[in-house]
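J.: Sharing a structure with you now.
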Amino acid sequence: MTHHPGAGLGALFVLIAAVLWGTTGTVASFAPDVGPLAIGAAAMGVGGLLQAALASPGLAQARQELRRRWLTIAVGGLSVAIYPLAFYSSMRLAGVAVGTVISIGSAPIASAVIERVIDGHKLTRRWVIGAGVGLAGVVLLTFVEPAHAAEAGNAGVGVLLGLLAGATYALYSWAAHRTMQGGVPSRVAMGTIFGVGGVLLMPVLLATGAPLLESWNNFAVGAYMALVPMFLGYVFFGLGLARVRASTATTLSLAEPVVAAILAVVIVGERLPAAGWIGVALVIASLAVLTVPVRRRIPTPAGAP
């Protein structure tokens, strides 16, 4: 497996982003009267527009490259807009721990399929082992009883929305990585794709966001979501994506549901049975498989496996 020179640093940046994202479900639970669509639109919409603003000095310079990649950017932007609406609805219906695990845990598989089908990338044995262990953890967490706060009877819909979130997360990660591979700087690629997503989310925010202004508490939750996990988190994610493949990045972000599950238990009061904790442990093990650097082996003779 060939490692990009900055792959270790890239992995670290993605893990920092994943830890920041892992706080979103718990923070959102502090504004229960704000709907998941409003939370999602505020977090990713405002965060996306901030990324576009951060990237604005470089947008003009890269406009030729961006124009050439308009289809990839459009797919990425649309995915950015769909993702938070599916993700926060999934957490509201299936509980913070389960919703996050399904949403993020399904992304590496979607990512690998996208890279295989569109880019023709082969799957490395190490990735298959790492993703397989992580998926086993995700499956265990899927069968955990929904959280006490979940709306009764809708956990199945929550799981389906989590799968939609995972697919769109994989798609915009792929779109951003592919745009960067075309020579567009990380900040500009992320700013463009997330800016498109942010613009698409503004009507949703206008239609659903009134409760965010009804109290300082609700406003603070919305502001935290936009500034910390969505703006700062995605700046780190962009730096990571410039150094590692999208399938690696989405697999590394399996750290997010682990953080989310622990915070949901410690702060929100969700209960996780033994199977759930085994699932969390398997997800952590998969991260170890994917992030611990491999010592270079002596090249094997031609024709050897």
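J.: Counting only complete DSSP H runs, which helices of the chain cover 20 Å or more along their long axis at the Cα atoms and score a mean Kyte-Doolittle of 1.0 or above?
T.: The qualifying helices are 7-21, 70-94, 125-142, 186-208, 274-291.
J.: A further question on this structure: Scan segment 216-297 for chymotrypsin sites (Phe, Trp or Tyr not before Pro) in coil per DSSP, keeping those whose Cβ has at most 13 other Cβ atoms within 10 Å, and list them by number.
T.: none
J.: Still on this structure: Please give the charge dipole size of the chain, origin at the Cα centre, charges +1 on K and R Cβ atoms and -1 on D and E Cβ atoms. Round to the nearest 20 debye.
T.: 1340 debye
J.: Under the 0.36 nm per residue contour assumption, what length would be gained going from the current alpha-carbon distance of Ala288 and Leu59 to full extension?
T.: 78.8 nm
J.: For a label point 7 Å from the Cα of Ala223 along Cα→C-beta, name the residues of segment 11-48 whose backbone N is under 20 Å from it.
T.: 21, 23-35, 38-48
J.: Here is a further query. Looking at the chain as a GNM with Cα springs under 10 Å, which of Gly22, Gly191, Gly58 has the largest mean-square fluctuation?
T.: Of the options given, Gly58 has the highest mean-square fluctuation.
Throughout, read-outs are computed from the coordinates displayed, never taken from laboratory work. Just so you know, these numbers come straight off a predicted model, no measurement behind them. Methodologically, a virtual Cβ is constructed for each residue, glycine included, from the backbone with ideal geometry; neighbour enumeration extends over all protein chains shown.
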